[in-house]
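This report concerns only the one structure given below.
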Amino acid sequence: MNMRTHLMLTLPPTSIRPGDRVSVAISGGADSTALLLLVHAANSQAKNALGIGLSAVHINHSLRAAESDADQAFVEALCARLQLPLHIERVNTTAHAAEHRETIEEAARNLRYRVFETLIRQGRANIVLTAHTLDDQAETVLMKLLRGSWLEGLGAISPILDLAGGKVLRPLLETRRAGLRHYLEALGQPWREDSSNSDEAFTRNRIRATLLPALRQENPSIDRTLANLAQLAREEEARWTVEIAKLLPQLLLPGKPVRGGGRGNSTQVGEQTLAIELERLKPLDPALRRRVLRATARQLGARLSFDETDRLLTLAGFPPNGIPDPTVPSKPGGRLRLAAGLLAERSARELRLTRAPEPSKARPE
């Protein structure tokens, strides 16, 4: 397998250039071990070498005691054999999850990307490669569907993630997990199996072990179908993002109208208000109207759920499918309390969204 060609098939040709400092994230599992070997082989070719400064990064999540330490030892031995610099970071995932009220999966991911950002900030790398596969993409799309994600969520794993000063690339998103294992077996290269991958307490593992096999009975190409859906969702979202960015400045008004004309800002420190004239919402089609409201909330630092967006549309006088929610006021003077401290108010001419500042936390004495 030619890694240079493979990268170009998956990512824009300019994503990796000679002289880049590239760090491969390696857990010791089959996918990341294969990625490291593929990139190392491509960078070591006598002709057409990548010409990059290659290293590896391993995060020990401290989740499986001796097994985690054995994973680390495996990665250390592999990088020593390949004569590659290795950065190791040990993190306490359980404590982080408890402190930030995250699931273990969320905490592990957030900690991984914090390490990547640190590598880039310190100048050790400007590109980090992760070994997400087409199988991972399919699983992620299903997870997003089950959680009721919007279109942007169905985009799932993006091939490129921009970070301050660098980026994360996923060059194996078009590669099946089985193919990587065959590659390692052909080399006689062992890898580590993560015992937590069989723990069906985790949503992804249940999807992998139960849901996807059942779906493959109906559609043997379901993994590819879901990956295609993710690509379409990303492209659609990119298109909508451009359109909304052009449209919002023409629609949004700051603050509230004041007597005598003009608009005034809130007197409460940290409070923000944005308004949209109802007559300007009226000619928009339902899809655009919905996106305008969600984008307005995002500008105030809030994210609307599907149900909240529907309630907001009803408040504005544009109930979805023409069926008003009887629990939502739809006349001037109506108000709605939404998530993230967002208050929606309807006047005769405007729909206003206001987000109050979060209450300050008392300092410990």
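The values are calculated or read from the model by the stated rules, or taken from the named source; none is laboratory data. Note that the structure is a prediction, hence the values are computed from the model and not measured. Neighbour counts run over all protein chains shown; Cβ positions are idealised from the backbone, glycine included.
Here are a few things to note about the model shown:
- Residue that is surrounded by the most Cβ atoms within 10 Å (Cβ to Cβ), among those in the range 58-82 that are without any contact (Cβ under 8 Å) to a residue 40 or more places away in the chain and part of a loop (DSSP other than H, G, I, E, B): S62
- Residue pairs whose Cβ atoms lie under 6 Å apart, separated by 6 or more positions or on different chains, with the first residue in the range 24-36 and more than 17 Å from N126 (Cα to Cα) and the second in a loop (DSSP other than H, G, I, E, B) and among the polar types (S, T, N, Q), are D31/T133.
- Some residue of the range 133-154 being surrounded by 19 or more Cβ atoms within 10 Å (Cβ to Cβ), in contact with a strand residue (DSSP E or B) (Cβ under 6 Å, 6 or more places away or on another chain) and either in the same structural domain as R224 (by TED's automatic domain parsing) or among the β-branched types (V, I, T) (or both): no
- Residues (among the acidic types (D, E), touching a strand residue (DSSP E or B) at 6+ places or on another chain (Cβ under 6 Å) and within 15 Å of S195 (Cα to Cα)) located in the range 52-92: none
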